[in-house]
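Okay, structure first, notes after.
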Amino acid sequence: MQSRGSIVKTTIVRRRDEFVAIGICSHPNERPPTTRLEETSAVVDGQIPDSLELEEIGGQADQQALSETVNIAGRFSCLTIAAGRILAIRDVLGQKPLYYGKGPDGTVAFASLRTALTNIGVQDSMPVPPGHLISTSNGEPSILLDKSLNRPKEIKVSEREASRKLTTLLVDSLSEDVPKDLTLAFSGGLDSALVARAAIENDLDPGLITVGMRGQAELKHAREISKRIGLDITVRELSQHEVLESLPDVISTGESSDPILVGVSVPLYFACESAQEMGTDYLLAGQLSDELFAGYGRFDELAKNPRSAREEVWRSVLAASANDFEPGDKLAVSHHLDLRCPFAYLPLVDYALRLPISLKLRIVGGKVVRKYILRRVAADLNLPSSVVERPKKAVQYSTGVQKILLKEAKRRGLTLTGFLKTFR
């Protein structure tokens, strides 16, 4: 668990002939994690709203109160000891990782990293599903509550009204409990430019960080857009050597050698490294935008099939916990950073899921336009046309990282999957 923090606080409760224990890690000089270590105890990884008292989570383990906890706007996983059992809760989007499983001696264990469970003999660990409350009783885990993300009904709304509402929600996502000292992973693309504009609307001044291989055109674009919107930018130009040297750390920290996850994680790894060097504790990122607004390339072939496109948006949002939030959080925390994702603001998520697919994906002039409504938002916020009209390009390609990985795999006579597995 060392990448999650070197300072550990624990509590142990004896129940008949069994012991129940929970603990939490934190890094030196960080804001102390939320804890209440007593006979009835609770620890929180992440953040719960100030209005929610920790006693409400760990106290009497009232299922109604816990149900409400799961659905509050926040990014957290929480472990509590109540009545001699462990209760595990995770936010409805799954922004903070939490896994569980049973060891060969019958011990049920939870951890923010799969590796920690493997090291005590837990095989085939599973994620605590987002929005779920899991209990351990008599040595067996069981689901007490399932408050998974609800799929709302689609609404009829004009393009103009949708743009106004999304603008308000995006600004609201950064209006509370956001420190002045923060950075933003910035490409100059649609998502990061919108987050930057929302920050400015809240009188925030995030330091922009852009990452890419030396000579990549995206670096020049990011510099130009940062100048247009009036924010300072730090450009991290990578060498092939740096990318390849980062792989053992990226793969071990992210706990995955999946080629897509690694390709996305390498640029984020260096963005986190730069943010840490700048002395900040917070990093903003545009995660969940592609899922909510049909931003991935796979949506192109669904543009003429609205029903299938709508289903794919929903599937993508449900998969974001494993594909976006968990890898991103692991990398950020290992660099002593709190990763914040404005597009994961629950009121925004709920509204975006209600929008008709025609506002997200449409054919204009014979070409498929993804994230259509976000482009309208960007235009209404007077962002440069080079942002509004810029085609979406996956970060592993726009940064040049994917090319380096493929080239090295080929040099070694391996597939990319086989090459990355050598680091596990």
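Taking the conditions (1) closer than 19 Å to LEU302 by Cα; (2) crowded, with 20+ Cβ neighbours inside 10 Å in turn, ILE363 satisfies each one other than (2).
A search for C-beta distances below 8 Å between a residue of segment 316-339 that is more than 19 Å from PHE299 (Cβ to Cβ) and any residue that is in a helix (DSSP H, G or I) and basic (Lys, Arg), counting only pairs 6+ apart in sequence or on different chains, returns VAL333/ARG4; SER334/ARG4. Annotation: of all residues in segment 74-105 being among the charged types (D, E, K, R) and not in a strand (DSSP E or B), the one that is farthest from VAL349 (Cα to Cα) is ASP105.
You will find that of SER192, SER239, the residue that is of a type in the set (Gly, Ala, Ser), within 18 Å of the chain's Cα centre (by Cα) and open to solvent by less than 30 Å² (accessible area, probe 1.4 Å) is SER192 and no other. For segment 261-273, filtering for residues that are in contact with a strand residue (DSSP E or B) (Cβ under 6 Å, 6 or more places away or on another chain) and either part of a loop (DSSP other than H, G, I, E, B) or not small (Gly, Ala, Ser) (or both) leaves 2. Summed over segment 400-424, residues that are of a type outside the set (D, E, K, R), without any contact (Cβ under 8 Å) to a residue 40 or more places away in the chain and either open to solvent by less than 20 Å² (accessible area, probe 1.4 Å) or not in a helix (DSSP H, G or I) (or both) total 6.
Within segment 169-185, residues that are surrounded by fewer than 16 Cβ atoms within 10 Å (Cβ to Cβ) sit with their Cβ atoms under 6 Å from residues that are at pLDDT 85 or above, at 6+ positions apart or across chains, in these pairs: SER175/ASN202; PRO179/TYR282; ASP181/THR280. Annotation: of all residues in segment 274-307 being among the polar types (S, T, N, Q), open to solvent by less than 40 Å² (accessible area, probe 1.4 Å) and in a helix (DSSP H, G or I), the one that is nearest to ASP177 (Cα to Cα) is SER289.
Of all residues in segment 125-156, those satisfying the criterion of being surrounded by fewer than 16 Cβ atoms within 10 Å (Cβ to Cβ), farther than 29 Å from ARG354 by Cβ and over 23 Å from the mean Cα position of the chain (by Cα) are SER137, ASN138, GLY139, GLU140, SER142. In the set (1) open to solvent by 20 Å² or more (accessible area, probe 1.4 Å); (2) closer than 15 Å to VAL262 by Cβ; (3) under 25 Å from the mean Cα position of the chain (by Cα), GLY328 fails one condition alone, (1). Between THR168, THR136, which is of a type outside the set (Gly, Ala, Ser) and in a strand (DSSP E or B)? After ruling out the rest, the residue left standing is THR136. Residues in segment 341-360 that are under 11 Å from ALA303 (Cα atoms), open to solvent by 10 Å² or more (accessible area, probe 1.4 Å) and in contact (Cβ under 8 Å) with a residue 60 or more places away in the chain: ILE357 alone. Filtered by the rule that a residue be assigned to a strand (DSSP E or B), free of Cβ contacts under 8 Å to residues at least 12 places away in the same chain and of a type in the set (A, V, I, L, M, F, W, C), segment 361-381 gives VAL364, VAL369. Do we have any residue at all in segment 162-180 that's at pLDDT below 95, out of contact with any Phe, Trp or Tyr (no Cβ under 6 Å at 6 or more places or on another chain) and among the β-branched types (Val, Ile, Thr)? Checking segment 162-180: at least one residue is at pLDDT below 95, out of contact with any Phe, Trp or Tyr (no Cβ under 6 Å at 6 or more places or on another chain) and among the β-branched types (Val, Ile, Thr). In this structure, ALA378 does not qualify as touching a strand residue (DSSP E or B) at 6+ places or on another chain (Cβ under 9 Å), at pLDDT 95 or above, closer than 21 Å to PHE186 by Cβ and buried (at least 21 other Cβ atoms within 10 Å of the Cβ).
Candidates in segment 195-209 are the residues that are more than 17 Å from SER163 (Cα to Cα) and open to solvent by 10 Å² or more (accessible area, probe 1.4 Å); of these, the one that is nearest to the chain's Cα centre (by Cα) is GLY207. Inclusion of VAL333 among residues that are in a helix (DSSP H, G or I), at negative phi and either β-branched (Val, Ile, Thr) or in contact with a Ser or Thr (Cβ under 8 Å, 6 or more places away or on another chain) (or both) is warranted. Over 30 Å from VAL349 (Cα atoms), at pLDDT 90 or above and assigned to a strand (DSSP E or B) - does that describe any residue in segment 109-125? Looking through segment 109-125, at least one residue is over 30 Å from VAL349 (Cα atoms), at pLDDT 90 or above and assigned to a strand (DSSP E or B).
The values are calculated or read from the model by the stated rules, or taken from the named source; none is laboratory data. Note that the structure is predicted; figures quoted are calculated from it, not measured. When we count neighbours, we look across all protein chains shown, and the Cβ atoms used for this are built from the backbone with ideal geometry, even at glycine. Remember, those area values only see protein heavy atoms, side chains included, never the ligands or the DNA or RNA. Shrake-Rupley method; radii C 1.70, N 1.55, O 1.52, S 1.80 Å.
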